[in-house]
Amino acid sequence: MIVVDDVTLKRGGEALFEHLDLTIHPGQRVGMVGRNGVGKSSLFALLRGRLQAELGEVRIPPRWRIAHLAQETHPSERRALDWAIDGDGALRRVETAIRAAEASGDNAALATLHSEFDDLHGYSAAARAAAILDGLGFAATDHDRAYREFSGGWRIRLNLAQTLMTPAELLLLDEPTNHLDLDAMLWLETHLSRFEGTLVMIAHDREFLDAVTTHTVHLETGRATLYRGNYSAFERQRGEQLTRESALARRAAQKAEHINRFVERFRAKASKARQVQSRLKALEKLQLAEPGHADSPYQFTFPNPRQISRTLVQVEDALLGYPDRPVVSCGAFRITPGARIGVLGSNGAGKTTLMRTLAGDLAPLQGEVLRGQHSTVGYFAQHQLDLLDPAAHALTHLRQRAPAALEQRQRDYLGGWGFAGEMALRATRTLSGGEKARLVLALIAWQEPALLLLDEPTNHLDIEMRHALTVALQAYEGALVIVSHDRDLLSRCVDEFWIVQNAALAEFGDDLNQYAQRIRQRQTAAPGNAESSRRDRRRDAAELRRASQPLRNALKKLERGIDSLTEQLRELEQTLANPGTYDRGGADIQALLARRGTMAAQLQAAEADWLTQQEQLDVFEGPPQSSSED
């Protein structure tokens, strides 16, 4: 097992960790969470031996092989497929030895080396690497392309493919989902859920963490606390702790009441549509999650537009794209106030082209895009982070957009976005990717847009900021169109989906879970799987049952608890309904009523937990498969 024993680590003369203790057991899949800057990456570096603690020690079994995801990229002429296979260093060394033995004519050595090659599954290495590349979104034609030909985000994907090809007892993944689209994330969820070693992962996507992890390590103020369960389980446990702290109890209650009011308003107008009902379920989960963020440093809103047209954008039979490359054809549609639209589609399908057209950055190649008189647009895209003046600080950027506003008002506003005190005066060049994204979002919100266009707004944002963004979008009364691989954000903020596929834009009539199931079906129906033998299908079914067994066990345990609580509550209700009960006196009656309230709350929490686990199992397994062997 991994033991971090009484570790003190300093950074810049200040202690990042003091007397840090942590134990991770073999086979655990651990999500590491905490605000930016608390030391998650530094703890990873300690586990890898790249940093040495001032005091204490880190113990990892000496025979454990460690694989980690490299974030840096360097040009290379290696083919993508070869780059992925390079992750298996032992296999590559045997291949080199085989070539040397062949050159020298050492037949005895060749026999031994070919046996080692077989033991290392060398004959299936290319097929396994190709399957990983396919899962991460690479086309078959990409396999022979040189590493240097890919952009930075795709190089990180290649690094991830190489990491997943590395035989390891300990897998360390630092933000593996940052450059993945939803299709690739769903594939990676399944792949990691079947990993039999120990996994420690930094990630900011709660749905991804929920699907993969069995334990959660929370880093805060130099301490590490290990929680049993995935991120949602950690969030509930932390919420209970925070609400017991008097300094945070009132703030937690206020935030919970804000969400409660919104959920009740939404419930009153929600139709029976699958998408709207899915959002209602997600908002009800948000109610349970809110207390866990009572100490969040982010306190901001998206101000509502002062004026807004009845139709913000109207598109009439348009062809979108570039002069030399049409991308997406659109029929007739319009965006009205209060719209909540999520745009789905695989990487490269044309989602960003659509967003740029709605923002006015691109003119349609054919057809019309009409805009209302009061339809100001707030457009967030990743390239805007690079357009910030690197020498200017957050306050300067805001002053340029609001020269007449009082400086104290500007500082208060930026403080809500995490730029309090000296942070507001730090040069943009010193900010992290997440901090730059927060600044761009803050500048957009200041403009009080009537239409928010958000293209992957959560890249580089930590979970705390993602939660705050989700809450802020609930009260916004303008229209929202969003592209994101963050399913939690989509499920809580979107009422309807559009899908870009086959070079066309269309409405998607189902909810996000159905979309995820379609992706999984498509991934399992990839070339080569269609002709699987009956034995292979049985093996796959057995692997799926094994991988989903922890979820099934958790559901059974929750069901037993729900049954027990329901029965106890029924007996208590019978007692309270008996007139003779009230002869006991006021103190006893109050105790019985208090017990009924506690048990009802426990039952509600257990039922919500059951719903979460069941939805995870549904998404993981997909729709029931036919038993036919035809």
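Criterion applied to ALA161, ALA249 was being surrounded by fewer than 19 Cβ atoms within 10 Å (Cβ to Cβ) and either modelled with pLDDT of 95 or more or more than 27 Å from ALA67 (Cβ to Cβ) (or both), and the one residue passing it is ALA249. If the condition is being outside any strand (DSSP E or B) and open to solvent by 40 Å² or more (accessible area, probe 1.4 Å), then the range 76-89 contributes GLU77, ARG78, TRP83, ASP86.
If the condition is being part of a helix (DSSP H, G or I), open to solvent by less than 40 Å² (accessible area, probe 1.4 Å) and either more than 21 Å from ALA67 (Cα to Cα) or in contact with a Pro (Cβ under 7 Å, 6 or more places away or on another chain) (or both), then the range 121-146 contributes only ASP142. Residues that are open to solvent by 80 Å² or more (accessible area, probe 1.4 Å) and basic (Lys, Arg) number at least 1 in the following helices (runs of 4 or more DSSP H) confined to the range 315-432: 394-401, 407-416. Do you know which of the residues in the range 586-630 that are of a type in the set (Asp, Glu) and part of a helix (DSSP H, G or I) is modelled with the lowest pLDDT? Checking each candidate, the answer is GLU621.
What are the residues in the range 18-75 that are of a type in the set (Lys, Arg), in a strand (DSSP E or B) and open to solvent by less than 70 Å² (accessible area, probe 1.4 Å), if any? If the condition is that a residue be of a type in the set (Lys, Arg), in a strand (DSSP E or B) and open to solvent by less than 70 Å² (accessible area, probe 1.4 Å), then ARG29 is the only one that fits.
Hey, any hits in the range 479-486 for a residue that's charged (D, E, K, R), under 30 Å from THR301 (Cα atoms), modelled with pLDDT of 85 or more and surrounded by 18 or more Cβ atoms within 10 Å (Cβ to Cβ)? Within the range 479-486, one or more residues are charged (D, E, K, R), under 30 Å from THR301 (Cα atoms), modelled with pLDDT of 85 or more and surrounded by 18 or more Cβ atoms within 10 Å (Cβ to Cβ). Across the range 383-394, not a single residue is classified as farther than 19 Å from PRO305 by Cα and touching a residue at least 60 places away in the same chain (Cβ under 8 Å). Checked against (1) surrounded by 19 or more Cβ atoms within 10 Å (Cβ to Cβ); (2) in contact (Cβ under 8 Å) with a residue 60 or more places away in the chain; (3) out of contact with any Pro (no Cβ under 6 Å at 6 or more places or on another chain), GLY152 meets all criteria but (1).
Answer yes if at least one residue in the range 529-536 is of a type in the set (Asp, Glu) and either open to solvent by less than 60 Å² (accessible area, probe 1.4 Å) or modelled with pLDDT of 65 or more (or both), and no otherwise. Within the range 529-536 (the criterion being of a type in the set (Asp, Glu) and either open to solvent by less than 60 Å² (accessible area, probe 1.4 Å) or modelled with pLDDT of 65 or more (or both)), the answer is yes, since at least one residue qualifies.
Here's a check for you: in the range 192-204, which residue that is part of a loop (DSSP other than H, G, I, E, B) and touching a helix residue (DSSP H, G or I) at 6+ places or on another chain (Cβ under 7 Å) is most open to solvent (accessible area, probe 1.4 Å)?
First, the residues of the range 192-204 that are part of a loop (DSSP other than H, G, I, E, B): 194-197, 203-204.
Still in the list and also touching a helix residue (DSSP H, G or I) at 6+ places or on another chain (Cβ under 7 Å): 194, 203-204.
Working: ARG194: 87, ALA203: 1, HIS204: 10 Å².
Step by step, filter the range 192-204, then rank; the result is ARG194.
Within the range 473-493, being in contact with a Ser or Thr (Cβ under 9 Å, 6 or more places away or on another chain) and among the aliphatic types (A, V, I, L, M) holds for ALA475, ALA479, VAL483, LEU489, LEU490.
Taking each residue of the range 38-64 that is touching a residue at least 12 places away in the same chain (Cβ under 8 Å) and under 11 Å from PHE17 (Cα atoms) and looking for partners that are buried (at least 16 other Cβ atoms within 10 Å of the Cβ) and of a type in the set (D, E, K, R) with beta-carbon atoms closer than 8 Å, six or more apart or interchain, yields LYS40/ASP174.
Scanning for something in a helix (DSSP H, G or I), closer than 29 Å to ILE308 by Cα, among the aliphatic types (A, V, I, L, M) and open to solvent by less than 30 Å² (accessible area, probe 1.4 Å), does the range 487-503 turn up at least one residue? Yes, the range 487-503 contains a residue that is in a helix (DSSP H, G or I), closer than 29 Å to ILE308 by Cα, among the aliphatic types (A, V, I, L, M) and open to solvent by less than 30 Å² (accessible area, probe 1.4 Å). Out of the residues in the range 207-228 meeting the condition of being of a type in the set (A, V, I, L, M), under 16 Å from the mean Cα position of the chain (by Cα) and open to solvent by less than 20 Å² (accessible area, probe 1.4 Å), tell me which one is farthest from SER491 (Cα to Cα). Once the filter is applied, the top-ranked residue is VAL212. If you go through the range 560-585 and keep only what is acidic (Asp, Glu), modelled with pLDDT under 85 and open to solvent by less than 90 Å² (accessible area, probe 1.4 Å), you end up with just GLU573.
The values are calculated or read from the model by the stated rules, or taken from the named source; none is laboratory data. What you see is a predicted model, and the numbers here were worked out from it, not measured in a lab. Glycine also receives a Cβ, built like all others from the backbone with ideal geometry; neighbour counts cover every protein chain displayed. To get the accessible areas, we keep the full protein, side chains included, count just its heavy atoms, and leave off ligands, DNA and RNA. Shrake-Rupley method; radii C 1.70, N 1.55, O 1.52, S 1.80 Å.
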